1. Please work out whether the range 39-98 counts as rounded, prolate or oblate from its C-alpha gyration tensor, where a ≥ b ≥ c are the square roots of the eigenvalues and a/c under 1.5 means rounded, while otherwise a/b larger than b/c means prolate and anything else oblate?
2. At 0.36 nm per residue, and after removing the present C-alpha to C-alpha distance, how many nm does the segment from Leu21 to Asp71 gain when stretched out fully?
3. According to a simple spin-label model (label point 7 Å from Cα along Cα-to-Cβ), what is the distance in nm between Ile33 and Arg61?
4. Which semi-axis lengths, in whole Å and largest first, follow from the square roots of five times the eigenvalues of the Cα gyration tensor of the chain?
5. Under 15 Å from the Cβ of His91, count the other residues' Cβ atoms, weight Lys and Arg +1, Asp and Glu -1, and hand me the total.
6. Which entries of Lys10/Lys34; Lys10/Lys99; Lys34/Lys55; Lys29/Lys76 have Cα-Cα distances beyond 30 Å here?
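Please treat every number below as a calculation from the coordinates, not as lab data. Only a predicted model underlies this, so the values are computations on that prediction, with no experimental measurement involved. Here the Cβ is made from the backbone with ideal geometry for all residues, glycine too, and neighbour counts use every protein chain on show.
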Amino acid sequence: MLLDEANHTKMGYQEFLQTLLEHEFIQRKENGIKNRLRNARFPTKKYLEDFDPSKYGTEIRAKFKELNTLDFITAKENIILIGSPGSGKTHYATALGIKACMEAMN
């Protein structure tokens with residue numbers, strides 16, 4: 001496909017190689033995300049954008065903001081989410097995991 005485009009547009013070798021490498025880089029990044037998400041086997045797809053922290057107090061919202069940075073992963077720290085059933089623990093944990101997969105964290 002890219003080769004046909006290069007022949008059709010008379011693309012130079014340097015431009016062709018650059019385009020090929022960019023395409024390969026993007027493809028590997030996308031495949032890495034797909035593989036991490038598949039290997040994580042999340043029960044459902046939940047995202048931080050869908051999580052509503054407004055029903056929690058200001059102290060808890062500040063903690064959410066801190067956890068959203070995923071700094072606890074790079075610091076190799078564990079987190080524990082505590083709350084009553086239906087309070088959003090699984091949603092939030094899954095959303096953090098998906099964000100970590102998207103940012104190529106293991």
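1. Details: a/c = 1.62, a/b = 1.10, b/c = 1.47.
Oblate shape, in that a/c is at least 1.5 and b/c is the bigger or equal ratio.
2. Numbers: separation 50, 0.36 × 50 = 18.00 nm, distance 3.10 nm.
Contour length minus the Cα-Cα distance gives 14.9 nm.
3. 2.9 nm
4. Numbers: eigenvalues 336, 37, 33 Å².
Over the Cα atoms of the chain, the ellipsoid semi-axes are 41, 14, 13 Å.
5. Details: positive: Lys45, Lys46, Lys55, Lys89, Lys99; negative: Glu49, Asp50, Asp52.
Around His91, the surrounding residues sum to +2.
6. On the way: Lys10/Lys34 34 Å; Lys10/Lys99 41 Å; Lys34/Lys55 32 Å; Lys29/Lys76 23 Å.
In this structure, Lys10/Lys34; Lys10/Lys99; Lys34/Lys55 exceed 30 Å between Cα atoms.
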